[in-house]
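Undergrad: What follows is a single structure, and I will ask about it in a moment.
The values are calculated or read from the model by the stated rules, or taken from the named source; none is laboratory data. The structure displayed is predicted, hence computed values, not measured ones. Note that each Cβ is placed from the backbone with ideal geometry, even for glycine, and that neighbours are counted across all protein chains shown. Ligands, DNA and RNA are stripped out before the accessible areas are found, and what is left, the full protein with its side chains, is counted by its heavy atoms. Shrake-Rupley method; radii C 1.70, N 1.55, O 1.52, S 1.80 Å.
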Amino acid sequence: MSIAVYPGSFDPITNGHLDVIKRTAAIFDKVVIGILVNQNKKPLFSLEERTEMIRRVTADIPNIEVYPFSGLVVEFAKEHNVNVLIRGIRSTTDFEYELQMAQINHKIDGNIDTLFFATDPRYSFVSSSAVKELWSYRQDVREYVPEYVIQKLQEKESEK
Ligand code: PNS
């Protein structure tokens, strides 16, 4: 069975992430989505909220599993008996950073390889941070995130 790990912060999941997930799920038998729990960063959405959003917006893709992880992504992949990591590349800036990460991860464990998806140009400037920033200035982000994420952003706002 071919399995790939797609790691990220997903705070929140964007249409760019979703596109990479769909394309990975079309190639691999199973996609394990790893949501980073970073103690040093305060995310907008809790781990539970991020997990729920991903589960909701990928409900129509059967070969997906979602788990949290902390620590090294290589360790997370090994725990799931996976040796392929997936990352999306939007730009040359992404490429430089991702290349370094891929090389570090391969150095930590020589069995781990990273495959890159060239982001769909429609999403080449979309990031979770940009979505949060735009939303905070009351800009329309419907093009960039699934409808369910819009609902969750609205709920966050009404909690304030
Ligand atoms: O969505 P992001 O924030 O771009 O995802 C980054 C992520 C989670 C893939 C990356 O930060 C990561 O793998 N973090 C776990 C720690 C790790 O293994 N780092 C690589 C070696 S330094």
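Undergrad: Given the options A4, A59, name the one that is farther than 23 Å from E143 by Cα and among the hydrophobic types (A, V, I, L, M, F, W, C).
TA: Within the list A4, A59, the selection yields A4.
Undergrad: Looking only at residues in region 109-128 that are farther than 16 Å from A4 by Cβ and open to solvent by 80 Å² or more (accessible area, probe 1.4 Å), which one is nearest to the ligand (Cβ to nearest atom)?
TA: Per the criteria, the residue is F125.
Undergrad: Another one. In the list R50, R23, which residue meets the criterion of being surrounded by 13 or more Cβ atoms within 10 Å (Cβ to Cβ) and within 14 Å of the ligand (Cβ to nearest atom)?
TA: R50
Undergrad: Please go through region 2-16 and pick out each residue that is on the phi < 0 side of the Ramachandran plot and either open to solvent by 40 Å² or more (accessible area, probe 1.4 Å) or part of a loop (DSSP other than H, G, I, E, B) (or both).
TA: S2, S9, D11, P12, I13, T14
Undergrad: Within region 73-97, take every residue that is more than 15 Å from V32 (Cβ to Cβ) and out of contact with any Gly (no Cβ under 9 Å at 6 or more places or on another chain) and give me the one that is farthest from the ligand (Cβ to nearest atom).
TA: Among those that are more than 15 Å from V32 (Cβ to Cβ) and out of contact with any Gly (no Cβ under 9 Å at 6 or more places or on another chain), it is T92.
Undergrad: Please count how many residues of region 135-154 are surrounded by fewer than 14 Cβ atoms within 10 Å (Cβ to Cβ) and either touching a residue at least 24 places away in the same chain (Cβ under 8 Å) or hydrophobic (A, V, I, L, M, F, W, C) (or both).
TA: Of the residues in region 135-154, 1 are surrounded by fewer than 14 Cβ atoms within 10 Å (Cβ to Cβ) and either touching a residue at least 24 places away in the same chain (Cβ under 8 Å) or hydrophobic (A, V, I, L, M, F, W, C) (or both).
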